[in-house]
Structures are given as structure tokens and as C-alpha cells.
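The block underneath contains the structure these notes are about, expressed in C-alpha cells.
No lab work stands behind these numbers, since they all come straight from the coordinates. Just so we're clear, the structure is a prediction, and the values are computed from it rather than from any experiment. In this analysis, Cβ positions are derived from the backbone assuming ideal geometry, glycine residues included, and neighbour counts consider all displayed protein chains.
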Amino acid sequence: MPLRLRIHSGFLVLAVLLLVAGVWTTWEMRSVGSSVQGILDENYRSIHAATMMVGALEREDSGVLLLLLGQWTEGRATLAAADSVFNEYLSFAERNVTVAGEAELLESIREQYTEYRSRWERPIVDTPRQGDIDWYSSEVHGAFEEVRASVTALAELNQQSLYRTASSVEIRASRAVRPGLVAILACLSVTVVFSFLLQHYVVTAILRIREMAREASCGRMPDEVLLETRGELYDLANYVAVLYRASLAARKEA
Amino acid sequence: MRPQAILRYVGLALLLSCAFMILSCCISYAGGDDGLLALGYGALVAGLIGLLPLVFVPPVRALSAKEGLTVVVLSWLLSCLVGAVPYVLWGGPFSLTNAWFESVSGYTTTGSSILSHIEGLPRGLLFWRAATHWIGGMGIVLFMLAVLPAMGMSGGVLLRSEASALAREGLQAHSQQVVRILWRVYVGLTLAQTGLLWICGMSLFDAVTHSFATIATGGFSSWDRSIAHFDSPLIEAVITVFMVLSGLHFGLLFAAAAGAVRDLWASDVVRYYLAGLAVGVAICTLSLQLRDGSGWWPCFRVAAFQVASVGTSTGFATADTAAWPGAAQLVLLFMTLQCACSGSTSGGIKADRMVIFGGAFVRHVRQLMHPRGILPVWREGHPVGREVLEESLLYIATYLGIALVATLALSALGVDLLSAFSGTVATMGNVGPGLGSVGSAANFGHLPAAAKWVLTATMLLGRLEIFALILLLTPGHWRDTAGY
């Protein structure tokens, strides 16, 4: 194999190892990035929506209690504001269905909420229901608890999915580092081996040829060319020997 | 010592691993699993590092004994290192320590695993695990000799370095012929078992991987429950027969296949090995029957399989031997220490050395009775030379000494005594499963990282028959550069 190709081969090995590891690591890192984005898009927003819905539900419950106490204005205002927030976040969650079983859960939340809403939509103040704690306990609070449990289940479903995705991101991140680590170790090994081979087959050969040329210039020349390598350097050593013999013959002729 | 010559041959060993990684890549690609990239990069690393010395170093005509030994040991170590790359890159349960453990266990044909869910591995990696067994079973260097018949004088040196004196004894032929015989027996047994397992109802993939693991006396299965997964007496019978055959001296097997069956039966080592297995099966069957009373056939079925599995250093499982009665466990422990014949792919102290040890013991007793008598130790109808006798007894003593030191180290690391001792002898004998928390139904994954490093050292010591590795670690081995 030509000397140039032999020297290039070592660097080529290093380049290929680093290039492939680099491309792989970049690809893995990109997938880690998209997984993180996925966590935000798919899970975090649904969890936030569920939290807001629970908050709205609890404010609605307070509104119902205010109506029970006969405070119509404050009660209705609280209920209207909380209802608006709940519907806004329920619609948001319905547009962001990403986990298996989430759509069915949202459907049941909407049904349960419609049922719960129907309980406090009808007039309470100045009716027999005002101050009727038994009616609140049996009719309203149960429906409220049902919706809240479903919304909490929605949050838990997304939290579990978030945990799973986060775990896979951790694995991917660890995977992303590994090609680089392997490439570093492999390149270090190649560097050591390549340096030794260069030293042994190129540098040492050149030094021996230099020594040979120096000996020839002093009129001494070994009979045999002692080089382990073949190819250009071996040829060079032979040419030096031929040159020496030719100059010796020319000198004798002269 | 010429490092360039060593690099050339170690490079060839890495290229061998590269070839099998490429094969695993093809399986991964065909199955569309996620092991392709890890195996591909592993093949690239092995291939490029292996190829580089070939570009510079011209073929070496003759290697010195020291160089041969260094080539053998470094080939093992670097193949194990490169073999761990696909595991490291695939990730999952493979930390650096776990990947190294799995790779060493594969190449040394130990079969101990850190995996609790083997079926979760992609097919390409499963094939790679089995392939490491097959490469290691025959000895990486013997593989090289078989693949590259043009090694000339270097081949003889490498063969002497790879195979012990006892292993070479049954092979009275030129080194190239020896390699050819071993190679033919190895491939022949693998093909025969693959065919039979396929006929018995295994998928081709399972048949190939389990044949690789059987003939190499490895023990890696592609199923969590090992051979128990198939629940087939026929499959168990086929594997049992091939495990026993793989524990025989390959030279004698070759002779038997060529018609000289008498040679096989004439061997006192073979007779001892087969009788030992039979007695082991009988004791285990009896103790299981006495404990469970579940019938002789089911007890015989599991006992025969487990005794053959441990007694040949394979390590497949059809039962949880950690739950077996004490007597049966002691039989398994003895089998784990002893294993099968020299010149086979099995590990352990080997039946040959046990026969020599027994002979030396009897001779000593007789010598006490006849102090002036000249009483040789006999083996295979010939008196055992003093050198072989000393080497065998020293090997047994060193083997047990190292096993005790490793047990001590594992105990110090918090492993319970039974698991520590059985785990040590199982890894050192290249058997695979031990007892206690590292039994046939468990794995080595829960052990501390340091314990796994200790066990990989014992695997390598056992595979390289101790002295080769110790010699390489001796500073004097590297200091003296003359003599080739």
C-alpha cells in the first residue's frame, strides 16, 4: 500500500469514528429536545388545565354556598366567573388530547360538569333551597365531588405520562452521551496504535535511511537494507544504496 | 517482543468480532429492531481498529512463545472490550460495568447475565450475545487459525498458547490439522444441533442461538426462563445430548465420528466424566424425589438437564436449582468446580485434572504402604509425566485459592456467602448460574458493580486457565524483549 494512503488511513479511521459518533450524538440530542418539547406540549399543558379546572370547581362550590346563604349577587358573580374559567380550560384540554384514555375521560368530565351545573343554575335564593344544607349535601356536593375526582384523574393520567416521557428522556440523554464516550475511547486507542505504527514504520525507517546516507557519505555502506517496511521508504533506501554503489564505481573508474 | 506483530494478530481477532457484529446488524436490519445503530457502530469500531495494524504490519512468519501468549490474552481482553460496545451503545440495563460483564460472560462462554428481562433485547443484540459464545467457545485465536490458514509457524505458537497441554494431548497432528479437526467438530455439532432443534419445533433464530450457546458450553438463552420456556422434553433431550458431547475432547469426538468409537470408550477421562454425570443425575433425581415425591420422571427430567448443564459448564436452566435440596446443590457445586474434559469448550478444573488428582492421591496412599516402590500415576493408559502432574495439582490448588480470595472479596462487598462462593466458582468455571441469589432462575444484575468486576476477572482467569493472564500481568513478561 502506498505510504500516503497508509498515513491517511490512520486519520481516516479517526475521522470516521468521530464523524459517525458526532452525527449519532447530534441526532440523539435532537430527539431529546423534541421529547422535552413533547412533555411541554402533551402533558404539562393538560396538567395545568386540570389544575385550573379544579380551582374553578372549588370557586363554584363557594359560589353555591354563598347562594345558600342568600348572597345572590356575590354568589352568581363567583359562579359565572368560575364557570367561564372551567369551560375555557375544559375546551383547551379537549383540544390537547395526547394520552390514551384522555378523550374518554374528558367526555365524562363534560357530562358530569353539565349535570353539576344544572344543579346550581336553577334559582336558589328566595326559594326553599336557600339554607337547605341537606339539599346541598345530597344534590350538589356529590356532583361536585364527582367532577373534581374526574378532573384529578385527568391530571394524574397526564402526570403518569409525563413521568414516563421524562424517564425516556433520561434514557435518551444517557444514550446520547454514549456514542461520544465510545468514540473518545476508540479514538484514543487508534491514536496510540497509529502513533506507534507511524513511529515504527515511517519515522524509524526515515531515521535509518538518514543514517545510511550519512554512512554512505563517509564511504561506508551496509550490504543489506534493514527496514521492516516495504513500499516507498524501502525503495528510497535501495536507491540510496544504488546511488552509493554507482558513485563508488564512478570513483573507481576515475 | 515485537508489539507490531502482536498488534497484527490482535487486529485479526477484532476483525473476527467485527464480522459477527455485521451479521448481527443484518439480523437487526431484517427484524427492524432498534439494535442496528449500536451494532453498526460496534462493528465500525472493531473493524477500523482491527484493520489499522494490517495496513502497516506485513505478515509475520514466526511468533515467539511470549508473543503468542500475549496475542492470545490481548485478543481475549480486547475482544471482550469491543464486544461490550453494542451493549453500551444500546443502553437500557447496560451501564459500562453491566456491558463489560455481559460481554466477558459471552466471550468466556460463562453465560452469567445481568439481564432480568432478556426478551426485551432486540434480536440483533440477542444474536450478538449468542455469537460471542460461539466465537469464545472455540477460542478467538483458534477461530483466527481456522479462518486464516496461511499463518505458517505463527499458527503453531498461537495454538500452543491458546490450548493447554492437556487439551492438545488427544490431538497428535500438525497444528493446521488440529485446527481443522477442531473446526470441523465445532461446526458439525453446531449444524447438527441447529437442524435437530428446528425439527423439534424451535424457530430458526432460537435454534441457531441456542446451538451457539450449547456447543460453546455458554448458556445464554434468548428467553427469560431459559430452556424452561419451551417446556419440551424433546428439546431438552437434544440440548442435553449436545451439551454432553460438547464436554468431550473434540479430538476423540472427531475420531469417534471417523469410526474409532472404541477410542472414546477407551479413554478413562471420558469414562470418569460420563460416570460422574450419571452419578450426579442419580443423586439429584433421588433427592428431588425424596423431597417432592412428584414422580421419578419429572425429577429425572430436570435433574438430567441441570446436571448436564452445570457438569459441562453450559448453564442453561429448566428449574430453579437455588430451591433444590442440599444434597443436590452440593452435587451441582462439585460439578461447577470440575466441569468436563480438556480439549472441549468447557471450563472449570476439568475432568482430566480430577483423574490425575485421583491417581496422585491413590499413588500417595500406595506409596505410604510401599515406600520403596516406583509407582506412576496413570492416565489414558500412560504414566503421567512429572511436569504434567505438578502442573495439574498446582492448577487445582491455584484455582481453589483464587476462588476463595474472590469469595472473600464478594463477601466483603456485601454478597451473602452462598451466592458469593457459588457465583465465584460458577463464573470461574465458566458455568453461569450459581446458587442463592445468583441461581439459575436469577441473575447477577443486583450485585454491586465492584463484585461484577471481580467476577469478570474470575471468568477471564478461568477461561485463560489462570497462568496465561497472570503471566501477562507480570512486569518481567514485558521487560524481556529478546528471544524471538
Legend entry - Charged-residue dipole, Cβ positions (Lys, Arg, Asp, Glu), the protein assembly as shown about Cα centre, Debye nearest 20: 4240
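In region A:201-246, what trypsin sites (Lys or Arg not before Pro) fall in a loop by DSSP, with at most 10 other Cβ atoms inside 10 Å?
For trypsin sites (Lys or Arg not before Pro) across region A:201-246 that sit outside H, G, I, E and B with at most 10 neighbouring Cβ atoms in 10 Å, the list reads A:Arg220.
Taking the beta-carbon count within 10 Å as an exposure proxy, list B:Ile239, B:Ile283 from fewest neighbours to most.
On the way: B:Ile239 28, B:Ile283 19.
In order of increasing Cβ crowding within 10 Å: B:Ile283, B:Ile239.
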Inset, instruction - Could you let me know the centre-to-centre spacing of region A:188-254 and region B:184-218, using Cα atoms, in angstrom? - result: 55
Legend entry - the protein assembly as shown - mean residue ellipticity at 222 nm from DSSP helices (-39,500 (n - 2.57) per run, n ≥ 4, rounded to 500): -24000 deg cm²/dmol
Legend entry - For chain B, the longest site-free run once trypsin sites (Lys or Arg not before Pro) in DSSP loop states with at most 11 other Cβ atoms within 10 Å are removed: B:62-371
Legend entry - region B:374-407 versus region B:268-298: alpha-carbon centroid distance in Å: 27
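At 15 angstrom or more along the helix axis (alpha-carbon based) and mean Kyte-Doolittle of 1.0 or higher, what helices does chain B contain? Whole DSSP H runs only. Display every interim value, and only then the final one.
Working: long enough: B:3-31 (41 Å, 1.53); B:36-56 (31 Å, 2.24); B:65-83 (26 Å, 1.51); B:96-107 (17 Å, 0.06); B:123-138 (23 Å, 0.28); B:175-199 (36 Å, 0.84); B:204-215 (16 Å, 1.07); B:233-246 (19 Å, 2.08); B:268-292 (35 Å, 0.95); B:296-311 (21 Å, 0.84); B:326-338 (18 Å, 1.51); B:351-369 (27 Å, 0.49); B:386-412 (39 Å, 1.19); B:417-428 (16 Å, 1.39); B:449-463 (21 Å, 0.91).
Membrane-span-like by this criterion, though nothing is claimed about a membrane: B:3-31, B:36-56, B:65-83, B:204-215, B:233-246, B:326-338, B:386-412, B:417-428.
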Inset, instruction - Quick one: divide the alpha-carbon radius of gyration of the protein assembly as shown by 2.2 N^0.38 Å and tell me what you get. - result: 1.31
